[in-house]
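Only the coordinates and a few stated rules stand behind these numbers; no lab work does. Quick caveat, the model's predicted, so the values are computed rather than measured. Methodologically, a virtual Cβ is constructed for each residue, glycine included, from the backbone with ideal geometry; neighbour enumeration extends over all protein chains shown.
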Amino acid sequence: MATTTTRPEQPATSAHLLGAATRYSAARCTVLALCAVAGSGAALLLPLAIGRALDAVLTGHLTGRGDTDATRWILACAALIAASALLDALDGVLTGTTNARTTAWLRGRVVRHVLAVGPRTTARFAPGDLVARLIDNAAHAGIAPATAAALLAALVTPVGAVVALALIDGWLAVAFVAGAPVLFFLLRAFVRVSSDCVARYQQVQGDIAGRLSEAIGGARTIAAAHTEDKEAARVLRTLPELSRQGHRMWRVQGRSQAQAVAVAPLLQIAVAAVAGHLVLQERISVGDLLAASRYAVLATGVGMLVGQLGGLVRARAAARRLEEVLAEPETVHGTRGLPPAGGRLELRGVRASRGGRTVLDGVDLTVPAGSTVAVVGRSGAGKSLLAALAGRLADPDEGDVALDGVPLDSLSREELRREVGYAFERPALLGATLEGTIGFGAPRPAPERVREAARAARADPFITRLPDGYATPCAEAPLSGGEAQRLGLARAFARGGRFLILDDAMSSLDTVTEHHIAEALLRHTPHRSRLIIAHRAATAARADTVAWLHEGRIRAVGTHAELWQRAEYRQVFGS
Ligand SMILES: Nc1ncnc2c1ncn2[C@@H]1O[C@H](COP(=O)(O)OP(=O)(O)OP(=O)(O)O)[C@@H](O)[C@H]1O
C-alpha cells in the first residue's frame, strides 16, 4: 500500500475560495454591479439636473421666459430620484439573495469536504471550531462577491464625480485631486490594521466554540465532578482577548471613519471656494456652483467605502479559515474491485502514529477468510487504531493493508464500504427512525433484513416495546448505552460484505446478552471474516485466533487457551 493515500487540495489562499465563490455567483454579481453602477449614474446626473434646473429658473426669472426649460429639468430631477429609489431597492434584494446563495454554496462545499476527509478532520479541528467556521465564517465569507461588486460600483460614484468636476471646470478637479492622497492613505492604513485584528478575532471565536462543544459533550462529567464554574472559566478563558480584538477592530473602523469625515469637508470647502471664485470670474454659472458642491460631496463619499472595505476584510479573513479546512487532504479511493469470494485481511509492516507519537510499529497480522480474530491488549495499546486501519477509516504511515490481495487504497469506495462493515463502541444514531438507523447506509437493506438483524443483535425486544416501534424517531428513543450498541451491531449485521470489524462494540452489554449476540454473530454471518476488538476474556475465547497487542506491536498470536498459559496475558484481563 502506498504510504500517502490522500489528495492535497489547491493551496490554501482566501483568494482561491473567494474567486470560486464569485464565479458561482457571477451572474447575480454582474446584475448587482450593473444595478449599483446605474444607481451611481443616477446619483451623478442628479446634481447636473439640479444645477440646470436652478439656472433655468434664474434665467427664466431674469428674462421672463424659460419656464418650460425649468419644468423639464425639475421633471428630470424627479425621474432620477425615482430611479435611484428603485435601483436601491433592487440592490437590497439582490445583495441579500446573493449573500445567502454564496454562503449556502460555501457551507455545502466545506461540509462535503469535511465528510470526504472523514475522521481525520475532527482529529485536527475541534467539532465546535468546525461548526463556528461553517456557520459564522461561511456567512462572513459569503458576502464577499456581492460586497466586491458593490465596492466596484461604489468607486464609480467618486470617480464619476471627479470627472464631472473636471467637465464643469478643470480647476475644480485639481482642487479635489490635490487633497485626495490623504484619503487614499487613510483607507490603506485601515485595511492593513483591521485585517490583522479581524483574523485574530475569528480565531479566538473558533477556539471558544471548540471548548464550548467539548464542555457540552462532557456536561454529565462536569456536573458529576461539580466543576461547572471552573469549566465555564476554561471555556471563556480567551473572552478578554476576544473583547480586546473586537474593541481594537471597532476603534480602527471608528478612527478611519472619523478621519475620513474630517478630511472630506475640507476637500468639499476647497472645491466650493474654487467654484465661487470661478462664478465671480463668470467662467461657470450659479447652477454649476451648486452642482460642483454636490459633486464634491459625492467624490468624498469615503465613509461608505470604509464600510464596504471592512466587510471585505472580514470576508477574506473568514475565507482563510474555511480554506484551512479545505486544505486538509481528501481520502483518495481507487477503482479496483475484489475477487468474487474471500475475506482474508493482511496487515504487513504497518506503522501508524497519532499526535506525533508512533502508536503501531511493524504490525503484521492475518485474518484468514471466514475466521474470527480477536485483538486484545491493555488500554491505549492501539487496538482501535488497528481496527481503523483494517477498514480504511485511517491510512498507515508505512506498510500495507490488503483484503484478498487487493490493497485497500486501490479499492473503489463503493466496493470497500459494501464489503467491510463496522460496529463501534459508541455508535452514532444517524437515521431518522430506529429502522432508518439500522438500515443506515447505501444501498439500504430491505425492511425484512433490518428486522432480522435487529433480532440477531437483540435489539428487537426493546424496539417493539416502544409505542411506535421501528418508526420511533431516534431523538425520541430513550436508549441506554447497551441498547445503542445493539442498534450499532444490528446495523453491522444488516449489511452484507465479507469482512466485519467490531471495535469494542459489545463493551456496554451484560455478559448474557453479549453471549447471545456473539453466538448470533457467528451464526448470522458464517461467511464473513471478523476482527473483534475485545476487552473480555469470554469474547477472546470465542475467537478462532487471538492477536495480543502490546505497546504498538503484536506480542503473540494463538488461541485464547494457548495464550492463557502466560501470566502476562492473563493480566490483560485483570486475572
Ligand atoms: N487523535 C489522536 N491524537 C493523539 N493521540 C491519539 C489520537 N487517537 C489515539 N491516540 C493515542 O493512540 C493510542 C492508541 O489509541 P487506541 O484508541 O487505538 O487505543 P486502544 O488500545 O483502543 O485503547 P482502549 O482499549 O482504551 O480503547 C492512545 O495512547 C491514544 O492516546
| said: Explain nothing, just the number: relative contact order of region 322-367, from Cα pairs under 8 Å at least 6 residues apart, as a whole percent. | reply: 30 percent
| task | Enumerate the calculated ³J(HN,Hα) couplings along region 187-194 in order (Karplus 6.51 cos²θ - 1.76 cosθ + 1.60, θ = phi - 60°), each rounded to whole Hz, writing x wherever the residue is Gly or Pro. | result | 5, 5, 5, 4, 4, 5, 5, 6
| said: Quick check on the exposure proxy: order THR511, THR472, THR227 from fewest to most C-beta atoms within 10 angstrom. | reply: THR511, THR227, THR472
| Student exercise, the chain dipole from Lys, Arg, Asp, Glu Cβ charges, in Debye to nearest 20 | 480 debye
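What dipole magnitude, in Debye to the nearest 20, does region 8-330 give about its Cα centre under +1 on Lys/Arg Cβ and -1 on Asp/Glu Cβ?
The calculation lands at about 740 debye.
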| field | Quotient of C-alpha Rg and 2.2 N^0.38 Å, computed over region 345-572 | value | 1.01
| query | How much length, in nm to one decimal, is gained on full extension between LEU115 and ALA369, taken as 0.36 nm per residue of separation minus their Cα-Cα distance? | reply | 88.4 nm
| query | Can you list the HN-Hα couplings for region 240-252, worked out from phi with the Karplus curve (6.51, -1.76, 1.60; θ = phi - 60°), rounded to whole Hz and with x for Gly and Pro? | reply | x, 5, 4, 5, 4, 5, x, 5, 4, 4, 6, 5, 4
| note | Along the dipole axis of the chain (charges at Cβ: +1 for Lys and Arg, -1 for Asp and Glu; origin at the Cα centre), the most positive-end residue among LEU17, SER84, THR437 is THR437
| said: What number results when the radius of gyration of region 156-277, computed over Cα atoms, is divided by 2.2 N^0.38 Å? | reply: 1.82
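Tell me, in nm to one decimal, what length is gained between ALA100 and ARG444 on full extension, where the rule is 0.36 nm per residue of separation less the Cα-Cα distance?
Values: separation 344, 0.36 × 344 = 123.84 nm, distance 3.35 nm.
Between ALA100 and ARG444, full extension yields an extra 120.5 nm.
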| note | If amide H atoms are modeled at 1.01 Å from N in the peptide plane, then the residues at a separation of 5 or more from ALA505, or on another chain, having amide H under 5 Å from its own are ILE533
| remark: Sorted by chain and number, the residues with a modelled amide H under 5 Å from that of THR372, at a separation of 5 or more or across chains, are ARG530, ASP544, THR545
| query | What's the FRET efficiency of LEU155 with THR122 using the Cβ-Cβ distance as r and R₀ = 35 Å, to the nearest 0.05? | reply | 0.20
| Taking θ as phi - 60°, what are the ³J(HN,Hα) couplings along region 551-565 by the Karplus curve (6.51, -1.76, 1.60), each to the nearest whole Hz, with x for Gly and Pro? | 6, x, 10, 6, 7, 7, 10, x, 7, 4, 4, 5, 5, 4, 5
| task | Scan the chain and hand back the longest stretch that contains none of the GluC sites (Glu not before Pro) lying in DSSP loops with at most 16 other Cβ atoms within 10 Å. | result | 10-281
| So who's got an amide H within less than 5 Å of the one on ILE554, skipping anything under 5 residues away but keeping other chains? H placed 1.01 Å off N, in plane. | ASP364
| request: Would you order LYS230, LYS383 from fewest to most other beta-carbon atoms within 10 Å of each residue's own beta-carbon? | output: LYS230, LYS383
| request: Report the charge-dipole magnitude of region 345-572 in Debye, nearest 20, computed about the Cα centre from +1 at each Lys and Arg Cβ and -1 at each Asp and Glu Cβ. | output: 240 debye
| Mean separation of Cα contacts under 8 Å (6+ apart) over length of the chain, as relative contact order % | 17 percent
| query | THR511 to ALA428: FRET efficiency via 1/(1 + (r/R0)^6), r the Cβ-Cβ distance, R0 30 Å, to the nearest 0.05? | reply | 0.70
| Contour minus Cα-Cα distance for LEU280 and ARG378 (0.36 nm per residue) | 25.6 nm
| field | Order of ARG255, ARG109 - criterion: other Cβ atoms within 10 Å of each residue's Cβ, fewest first | value | ARG255, ARG109
| said: Please compute the contact order of region 8-330 in relative form: average sequence separation of alpha-carbon pairs under 8 Å and at least six residues apart, divided by the residue count, as a percent. | reply: 34 percent
| said: Among TRP564, GLY355, LEU385, whose Cα projects farthest towards the positive end of the dipole of region 345-572, with charges put on the beta-carbon of Lys, Arg (+1) and Asp, Glu (-1)? | reply: TRP564
